[in-house]
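See below for the structure under consideration.
The values are calculated or read from the model by the stated rules, or taken from the named source; none is laboratory data. Keep in mind that this is a model prediction, so the values were computed, not measured. Because the Cβ atoms are built from the backbone with ideal geometry, glycine has one as well, and the counts that use them run over all protein chains shown.
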Amino acid sequence: MRWDRQKTRKTFARFAEARVRKERAPDNSDPLYDRLRNELVVAHLNLVRYLAVKFANRGEALDDLIQVGTVGLLKAIDRFDLERGVEFTTYATPTIVGEIKRYFRDKGWAVKVPRRLQELNLSVNRAVEKLAVKLGRSPTVRELAETLNATEEEILEAQELGQAYNLLSLDTELSGEGDKKSQTLADYIGTTDAGLELLEDKANLERAFEVLTGRERVILYLRFYESVSQTEIAKRLNVSQMHVSRLQQKALEKLKAVLVDDEGM
């Protein structure tokens, strides 16, 4: 059975039950929990790859990005709740992208800096802004240490190592080999990724095609994917052009009924 919306929801419903059992008895082995989790991962690896490709022209191997994105996928699977009323792909996308962006953030340090200090550096920056507003002046190292429950030495070390962070310039070119015109990071800020918007529509259309007969699928494929005329399709199928027209119309009505039904869910 192909992974469609209905199967995804059913699998997540079963996985949610297994997850509750796992949380109640974390030390107990649960083959069903592991199997359902693995099935959900495999079913959505194409989503991970699709999103990873968006970052593949930034100097990192695609396989590494897919591996990082899969970590985000696992987090999304473990946190997803059917009661949210959203599709899993919609929920998982920002988690996967966030994991990939975090990977680039960590790789952006010019020297090898422990994760603890990286996170402390970010916390220090946020604390400086908040305390500056509250105190009406720049906070001292001691005040930062007390706020963040850290030592003064750690605060100083985090601030010093923060200078080792290599910020990505907005003028950095991100274009791929096939692009005619180079694009920079600034070109992508504030824009909507049309590919992500079409992802859900593509999945719905693939599922809708399952209601068609084999001949109806062939006709729609030849007509709309190969741009073959109805007359030529009739010759290939050894039927009349009028018959092809009726089958095409019937197939389109079937697709419309399924897609309209999905929107009403």
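Selection of segment 108-117 for residues being surrounded by 13 or more Cβ atoms within 10 Å (Cβ to Cβ) and modelled with pLDDT of 65 or more yields only LEU117.
Screening segment 118-136 for residues that are at pLDDT below 85 and among the polar types (S, T, N, Q) and picking the one that is nearest to GLY72 (Cα to Cα) gives GLN118.
Using the structure shown, decide if LYS75 is at pLDDT 90 or above and surrounded by fewer than 21 Cβ atoms within 10 Å (Cβ to Cβ). Talk me through it step by step, then tell me what you get.
Values: at pLDDT 90 or above: yes; surrounded by fewer than 21 Cβ atoms within 10 Å (Cβ to Cβ): yes.
Yes: the conditions hold for LYS75.
Please determine whether any residue of segment 18-40 is touching a residue at least 40 places away in the same chain (Cβ under 8 Å) and either closer than 21 Å to LYS101 by Cα or outside the structural domain of TYR103 (by TED's automatic domain parsing) (or both). Within segment 18-40 (the criterion being touching a residue at least 40 places away in the same chain (Cβ under 8 Å) and either closer than 21 Å to LYS101 by Cα or outside the structural domain of TYR103 (by TED's automatic domain parsing) (or both)), the answer is no, since none of the residues qualifies.
For segment 3-29, filtering for residues that are over 28 Å from VAL258 (Cα atoms), among the small types (Gly, Ala, Ser) and surrounded by fewer than 16 Cβ atoms within 10 Å (Cβ to Cβ) leaves 2. The criterion of being without any contact (Cβ under 8 Å) to a residue 60 or more places away in the chain and surrounded by fewer than 16 Cβ atoms within 10 Å (Cβ to Cβ) holds for GLN67.
Return the total of residues in segment 214-265 being of a type in the set (Val, Ile, Thr) and either over 30 Å from GLU87 (Cα atoms) or modelled with pLDDT of 85 or more (or both). Break it down into steps so the answer makes sense when it comes.
Within segment 214-265, the subset of a type in the set (Val, Ile, Thr) is 218-219, 228, 231, 233, 239, 244, 258, 260.
If we keep only those that are either over 30 Å from GLU87 (Cα atoms) or modelled with pLDDT of 85 or more (or both) too, we end up with 219, 228, 231, 233, 239, 244.
Total satisfying the criteria: 6.
Taken over segment 208-255, the residue count meeting the criterion of being without any contact (Cβ under 8 Å) to a residue 24 or more places away in the chain and of a type in the set (A, V, I, L, M) is 8.
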